[in-house]
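Notes follow once the structure below has been shown.
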Amino acid sequence: MKCIECGHELKDGAIFCIRCGAMQVSMDGKPIERGEDWPSLDAADGSGYRSSTEGAMHAAQSKSMRSFNTAPKRNGGKIAAIVVIIIALIAGIVFAAVSCNSQATSGTASSGSAAATTTTSSESASATSSTASTSASAASTSASAASTSASAASASAASTTTTTVDASQRQVEPQPEPEPEYNDYYILPDSSSYYYSYGELSWMSSYDLYLARNEIFARHGRMFNNADLQEYFNSQAWYEPIYSPSQFDSMGNVLNDVEQKNVNVMRQIEKDQGSPYL
């Protein structure tokens, strides 16, 4: 391309001429072209510019100003700046909060460590005191036990001496004989008024038949030579020994007919059983 003022060869896209310094492009970046309204110092009305470069700049500025006056205003730069400021403020607040929290945590940890150390020392002192108290208590208990043993031994000796003296001075009192136990029991309560059959008494043992048969005689006051019979009837409340065996036998037949028949039936059953009491 060539300079619009002096015609010097320039590189494509050059803004100013390297020889005369004339502007080659307008403010909006478009190449300047010489036109009919291009003023110069040769203008007849004397209102021309000092050089064609100044005239070109005036023309370019007039076109540029017209284009700038019609272009809408844009606030994108201000918004971006506000956003950057807000982000910086938030970052500063977060950093300050993290720093405060870290300092507080460090302080709490230090306090906790100091408290733990103090507690451990207190516990150690308490344990030492407790051990000493336990030892003193054990010693006191041992002393008390020894004193108690000595007192018990002394009391036992005194008691033994007193008991020996009392035993030598006290007279032995005779113990009363125990009263015999009595029963009010009949093996066959109706043997003096009811005729028992063979079958009704056959279930009884030989010893029970032996007692029941002599029970009829004992009701009349007869005594017995056999010790087991006499001992048994002595234990009965209803028994009254009146007659010796010889006396009772000399009195004749004291039994009534029912009693005599029952004695005969029981004697027969004992014989059939092979009783050793006949």
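The values are calculated or read from the model by the stated rules, or taken from the named source; none is laboratory data. Quantities reported herein were computed from a predicted structural model and do not represent experimental measurements. Every residue, glycine among them, receives a Cβ derived from its backbone with ideal geometry; neighbour counts consider all protein chains shown.
The condition of being modelled with pLDDT of 95 or more and surrounded by 14 or more Cβ atoms within 10 Å (Cβ to Cβ) does not hold for V254. The residues listed here are Y182, Y239; of these, the one that is at pLDDT 95 or above, surrounded by 12 or more Cβ atoms within 10 Å (Cβ to Cβ) and of a type in the set (F, W, Y) is Y239. When segment 227-278 is filtered for residues that are in contact (Cβ under 8 Å) with a residue 12 or more places away in the chain and hydroxyl-bearing (S, T, Y), the ones remaining, listed by number, are Y232, S235, Y239, Y243, S244, S275, Y277. Please indicate, with yes or no, whether at least one residue in segment 250-258 is among the polar types (S, T, N, Q) and within 18 Å of Y186 (Cβ to Cβ). Yes; the residues of segment 250-258 include at least one that is among the polar types (S, T, N, Q) and within 18 Å of Y186 (Cβ to Cβ). For segment 269-278, the tally of residues that are of a type outside the set (A, V, I, L, M) and within 20 Å of A218 (Cα to Cα) stands at 2.
Once segment 201-245 is narrowed to residues that are in contact with a Gly (Cβ under 9 Å, 6 or more places away or on another chain) and either in a strand (DSSP E or B) or of a type in the set (G, A, S) (or both), the residue that is nearest to D272 (Cα to Cα) is S206.
Restricted to segment 225-246, and to residues there that are aromatic (F, W, Y) and more than 15 Å from Y207 (Cβ to Cβ), the residue that is nearest to the chain's Cα centre (by Cα) is W238.
The residues of segment 203-223 that are in contact (Cβ under 8 Å) with a residue 12 or more places away in the chain, within 17 Å of S191 (Cβ to Cβ) and hydrophobic (A, V, I, L, M, F, W, C), listed by number, are M204, L209, L211, A212, I216, F217, A218.
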